[in-house]
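The values are calculated or read from the model by the stated rules, or taken from the named source; none is laboratory data. As the structure is a computational prediction, the values presented were derived from the model and not from experiment. Cβ placement follows ideal geometry from the backbone for every residue including glycine, while neighbour counts extend to all protein chains displayed. The protein model used for the area step is the full one, side chains on, heavy atoms only, and it has no ligands, DNA or RNA in it. Shrake-Rupley method; radii C 1.70, N 1.55, O 1.52, S 1.80 Å.
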Amino acid sequence: MRVLIILTFVIEALAFRHAEQQVLSGGGSSPKRYSIQTPPLDTDWTYEVGTNPWPQHPRPKLVRPEWQNLNGLWTYANAKDHKALKHPPFNKTLSHEVLVPFCLESGLSGIQADKALYSWYRTTFTVPKNWTGDRVLLNFQAVDYEATVFVNGQNVSFHRGGFTAFTVDVTKHLNNHHNELIVFVFDPTDSDGYVIPVGKQALDPSHIRYRACSGIWQTVWIESVPKNYIEELSINGDAGGQLNLTVVASNGKNDSRVDIAGSDRTVATYGGFAGSPISFNVQSPKTWSTDVPDLYDVTVSMDEDTIRTYTGFRTVSRAVVHGVQRISLNGEVIFPFGTLDQGYWPDGLYTPPTYDAMVFDIITLKRLGYNMLRKHVKVESPLYYAAADELGILIMQDIPSLATQRWPDKKQHKEFVRQLEEIVTQFRSYTSIFSWVIYNEGWGQVEPDHAEYALTRLVRTLDPTRLINSVSGWFDHGAGDFSDNHHYTNPQCGTPWHESNTAAFDPSRIGFQGEFGGTGHNVSGKHLWKVQKAVDTVNETYELWETLDQWNFRGHFLLSELLEQVQLYSCAGAVWTETTDVEGEINGMMTYDRRLLRPDVRKWRGDIQALYDASAYRSKGSKQAVPQDVHFEL
Ligand SMILES: *[C@@H]1O[C@H](CO)[C@@H](O)[C@H](O)[C@H]1NC(C)=O
Ligand SMILES: *[C@@H]1O[C@H](CO)[C@@H](O)[C@H](O)[C@H]1NC(C)=O
Ligand SMILES: *[C@@H]1O[C@H](CO)[C@@H](O)[C@H](O)[C@H]1NC(C)=O
Ligand SMILES: *[C@@H]1O[C@H](CO)[C@@H](O)[C@H](O)[C@H]1NC(C)=O
Ligand SMILES: *[C@@H]1O[C@H](CO)[C@@H](O)[C@H](O)[C@H]1NC(C)=O
Ligand SMILES: *[C@@H]1O[C@H](CO)[C@@H](O)[C@H](O)[C@H]1NC(C)=O
Ligand SMILES: *[C@@H]1O[C@H](CO)[C@@H](O)[C@H](O)[C@H]1NC(C)=O
């Protein structure tokens, strides 16, 4: 017994020394210098990133003038396990430079780690001398998956969840010159025993599952705020001009007065109080739409705090038109047609290399005629949603799914729900988001309990103004606004047959094709993700076409099938798989490097316009749709 204890001790001590060696850089040695690790595929933006990435203010819905970006070169070291947390590397240089905010498995991070489960990050910062606020907030826009934050030797925060932002008031821990910031990250992804929201990430990626992304992957920054400041804000306007706001005061009191004004040419001003909903009318605002995405700047003041935000005015609703459930925007029937959008980059994985790269995807989709995208089991940075608001594209937003083929246990489900709540709360002010998706194809769905009913009620409470796609594909039991079928490659949208769903089409809800298409084209090795396992799985693509002509012909055929379903049945919106190739998937509008666009733009636009026209025709025209009466310009 005694011997055993000693042995255990020795092993632990050895293990600890091993981990420590990674961290320490004693005797004046310096960390391994940063250089981009050549990713398996690069983009035109990879080598434009430099060492001051993502300089934009990262929170467009709540902007104060006094802020400072902490992105850039930090140091990093791998850690062995949770025990490392007992000995944070205070005042120690870590072994490698790392470029924040690119996750550790990405080439742009300079690390390109394989399986980064436990990690240390370290940087130092100075608070600008001329800041006028009473307090300093430290903000993390996203760290995957768990972060423990130390400032000047003190544990100041713990956050769990890879997709949401968190803020720490660090005022009392700061000094005037040199502040040390250390972050410990634990990200198990889908390792044994862990069932957490990961979306498409996998430690052992293959075909539809992609390389994991761990650590800091969005901007880290500090800002100056007064004693009582606006801690949370939600803002939404509708087509009739009603503007709703809620403002949460940091002092927790609800008697703080809130004043609202439009900037520039002020269209309205209003006063209210923190803590309770504020609602007032703006006279005939310009509505937001995908064709004309008008937005309004808004200034909100509370006590000594003044922030900038913005909103669009638009109303999303369901309407039965000539017996068919339709989606309408500002009272007009629309046919949301988008791509399945994974939001992955070969060089930055979860993080686009630059802002220009990020908006390139949205601009390309618009150019092809899409008015929508389905952001698939990933949540983007706030800047992405602000860009979608500005450029005018609708977003159907998935909640990132749990990594499980089975049903999650109670604890795992509870954590999924907690994170769902955080996501909806943080992103419910973006005009472009018109619908939430709770479950995708049964992933992590507590199927026998029909858990989606309770979750639909929860999301409805958090956000009563958007549609809810409770179950996109497979295990539909009647919850939510959509009767959503997935069927590859041919669509079955609002049709009496739903081959791949457990339920037939339900005409009391919106007939929707949450996924179809997925036709592939193995363009050339040059555009492939050069990881053998990925190359070996591209043959799992539903269909592979030899030439772009064939691929385009097939696309035209599938879109024509969808068109018939719009003309004859109850198809009210659809999602084509997908925006870009990703790793082992080669079915994108674009290759993974965004260098090759597959569609014949003129034909593709024509086919998409025909869908919009058919939907509009049936919504405006006679009760009985007669396909031959419909004329399209191709
Ligand atoms: C504070 O100083 C920085 C540069 O040191 C400057 O860019 C900024 O405008 C100053 N802010 C104020 C409020 O004076
Ligand atoms: C790090 O070093 C500074 C300067 O010597 C010192 O003030 C500080 O207490 C040290 N931090 C910790 C956590 O030991
Ligand atoms: C750090 O503080 C958080 C509370 O903010 C706590 O949950 C966590 O266990 C602490 N971590 C360590 C290593 O002390
Ligand atoms: C504003 O709030 C009212 C009352 O809760 C609600 O009926 C309306 O849908 C809301 N509109 C928007 C755009 O949030
Ligand atoms: C402030 O208002 C919120 C929401 O209405 C409420 O939950 C909270 O209890 C109120 N706080 C105080 C201190 O009155
Ligand atoms: C796809 O292309 C790559 C590179 O040319 C090749 O190695 C691979 O065998 C091809 N796979 C299929 C299924 O065509
Ligand atoms: C794809 O190719 C691999 C070998 O590279 C083979 O093992 C697998 O069965 C193929 N899958 C399909 C669906 O053809």
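So that you can scan it fast, the table gives a plain yes or no per residue for (1) farther than 30 Å from R595 by Cα; (2) open to solvent by 10 Å² or more (accessible area, probe 1.4 Å):
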residue: H486; (1), (2): no, no
residue: I510; (1), (2): yes, no
residue: T519; (1), (2): no, no
residue: K530; (1), (2): no, yes
residue: E543; (1), (2): no, yes
residue: E546; (1), (2): no, yes
residue: N552; (1), (2): no, yes
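Could you tell me whether any residue of the stretch 307-315 is part of a loop (DSSP other than H, G, I, E, B), under 30 Å from S284 (Cβ atoms) and open to solvent by less than 20 Å² (accessible area, probe 1.4 Å)? Don't jump to the end; show me each part of the working.
First, pick out the residues of the stretch 307-315 that are part of a loop (DSSP other than H, G, I, E, B): 312, 314-315.
Filter once more, keeping what is under 30 Å from S284 (Cβ atoms): 312, 314-315.
Subset that is open to solvent by less than 20 Å² (accessible area, probe 1.4 Å): 312, 314.
Yes, the stretch 307-315 has at least one match.
Hey, does the stretch 100-112 have a residue that's within 15 Å of ligand 3 (Cβ to nearest atom) and open to solvent by less than 40 Å² (accessible area, probe 1.4 Å)?
no
Filter the stretch 150-173 down to the residues that are open to solvent by less than 40 Å² (accessible area, probe 1.4 Å) and within 23 Å of P226 (Cβ to Cβ), then identify the one that is farthest from ligand 6 (Cβ to nearest atom).
Within the stretch 150-173, the match that is farthest from ligand 6 (Cβ to nearest atom) is T171.
Among the listed residues A454, A388, which satisfies the condition of being of a type in the set (A, V, I, L, M, F, W, C), closer than 25 Å to N587 by Cβ and part of a helix (DSSP H, G or I)?
On the way: A454 fails: closer than 25 Å to N587 by Cβ.
Exactly one of A454, A388 is of a type in the set (A, V, I, L, M, F, W, C), closer than 25 Å to N587 by Cβ and part of a helix (DSSP H, G or I), namely A388.
Quick check on the stretch 279-299. Is at least one of its residues in a strand (DSSP E or B), closer than 30 Å to G494 by Cβ and open to solvent by 50 Å² or more (accessible area, probe 1.4 Å)? Quick ask: steps written out before the conclusion?
Initial filter on the stretch 279-299 (in a strand (DSSP E or B)): 279-281, 288, 293, 296-299.
With closer than 30 Å to G494 by Cβ added as a condition, the list becomes 288, 293.
Then drop every residue that is not open to solvent by 50 Å² or more (accessible area, probe 1.4 Å), which leaves none.
Taking every residue of the stretch 279-299 in turn, none turns out to be in a strand (DSSP E or B), closer than 30 Å to G494 by Cβ and open to solvent by 50 Å² or more (accessible area, probe 1.4 Å).
Can you go through G252, G240 and tell me which one is part of a loop (DSSP other than H, G, I, E, B), open to solvent by 30 Å² or more (accessible area, probe 1.4 Å) and touching a residue at least 40 places away in the same chain (Cβ under 8 Å)? Steps first, please.
Working: G252 fails: touching a residue at least 40 places away in the same chain (Cβ under 8 Å).
It is G240.
From the list G348, G331, which residue is in contact (Cβ under 8 Å) with a residue 40 or more places away in the chain and over 16 Å from V582 (Cα atoms)? Don't jump to the end; show me each part of the working.
Details: G348 fails: over 16 Å from V582 (Cα atoms).
The conditions single out G331.
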